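Taking it in order: structure first as structure tokens, then the write-up.
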Amino acid sequence: MAQKRLEEERERDRREREGKPAQPAVKRELLRHRDYKVDLESKLGKTIIITKTTPQAEMGGYYCNVCDCVVKDSINFLDHINGKKHQRNLGMSMRVERSTLDQVKKRFEVNKKKMEEKQKEYDFEERMKELREEEEKAKAYKKEKQRKRKRQAEDDGDDDLDDDEMAAVMGFSRFGASKKNA
């Protein structure tokens with residue numbers, strides 16, 4: 001697609017040089033918003049092994065299938081897809097449609113509605129009530145955690161008594177070399 005357009009432009013330039021009348025100028029669309037998201041994060045932090053047989057689209061950097069070129073980093077890729085050559089290959093001129101007053105007013109209304117939807121009315125008393133409930137839940141969780149520790153410590157203490165009894169039966173005063181206050 002890109003090569004076809006380049007050939008057409010070269011042919012037109014050649015005709016102009018030879019003095020033949022050029023074909024009528026190509027009518028291109030006005031510049032418009034992209035209807036897709038540019039993927040810059042998919043290759044972030046990835047390592048790629050490149051050999052002599054690796055296709056150009058899979059080589060290091062970002063591949064533009066419209067212009068059939070590879071760009072080495074994301075900033076240059078963004079510059080490329082927003083640039084004149086890429087837009088020309090897509091069939092667009094760099095001119096932008098002028099907005100009318102009505103279009104601008106409608107756009108402001110839409111943006112204003114979006115902002116109003118985002119703003120949420122916070123009731124101070126309701127928010128304080130929610131915070132108190134969260135604090136009570138946190139306190140209850142801490143108390144339950146302490147109870148579990150106590151139970152576990154008591155269970156461990158019972159094991160120590162069993163060890164002492166076993167040591168006495170076997171004729172030892174206690175297992176291990178550490179001194180323990182009983």
The chain - accessible surface per residue (Å², probe 1.4 Å): 93 Å²
K43 long-range amide H proximity, modeled H, under 5 Å: none
Starting from the Kirkwood radius over alpha-carbon pairs of the stretch 71-160, derive D by Stokes-Einstein at 4 °C in a medium of 1.567 mPa s and give it in µm² s⁻¹. 62 µm²/s
Identify which of D156, D35, D123 has the largest mean-square fluctuation in a Gaussian network model of the chain, with springs joining Cα atoms closer than 10 Å. D156
From the cross-link list K85/K114; K37/K113; K114/K142; K4/K52; K4/K37; K118/K143, which pairs have alpha carbons spaced over 30 Å apart? K85/K114; K114/K142; K118/K143
Taking springs between alpha-carbon atoms closer than 10 angstrom, which of G61, G91, G45 fluctuates most in the Gaussian network model of the chain? G45
If a/c stays under 1.5 just call it rounded; otherwise compare a/b with b/c (prolate if a/b is bigger, oblate if not). Do that for the stretch 1-94, with a ≥ b ≥ c from the square roots of the Cα gyration tensor eigenvalues. oblate
Please work out how much accessible surface E126 shows to a 1.4 Å probe, ignoring ligands, DNA and RNA, in Å² rounded to 10. 110 Å²
Pop out the ³J(HN,Hα) list for the stretch 132-144 in order, Karplus 6.51 cos²θ - 1.76 cosθ + 1.60 with θ = phi - 60°, rounded to Hz; leave Gly and Pro as x. 4, 4, 5, 5, 5, 5, 5, 5, 4, 5, 4, 4, 5
Please state the relative contact order of the chain as a whole percent: Cα pairs under 8 Å, 6+ residues apart? 16 percent
So which residue, out of M170, M94, M59, gets the largest mean-square fluctuation from a GNM of the chain using Cα contacts under 10 Å as springs? M170
The percentage of the accessible area of the chain (probe 1.4 Å, all protein chains present) made up of carbon and sulfur atoms, to the nearest whole number, is 51 percent
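The values are calculated or read from the model by the stated rules, or taken from the named source; none is laboratory data. Because the structure is a prediction, the values reported are computed rather than measured. Protein only, heavy atoms only, side chains kept; ligands, DNA and RNA dropped before computing areas. Shrake-Rupley method; radii C 1.70, N 1.55, O 1.52, S 1.80 Å.
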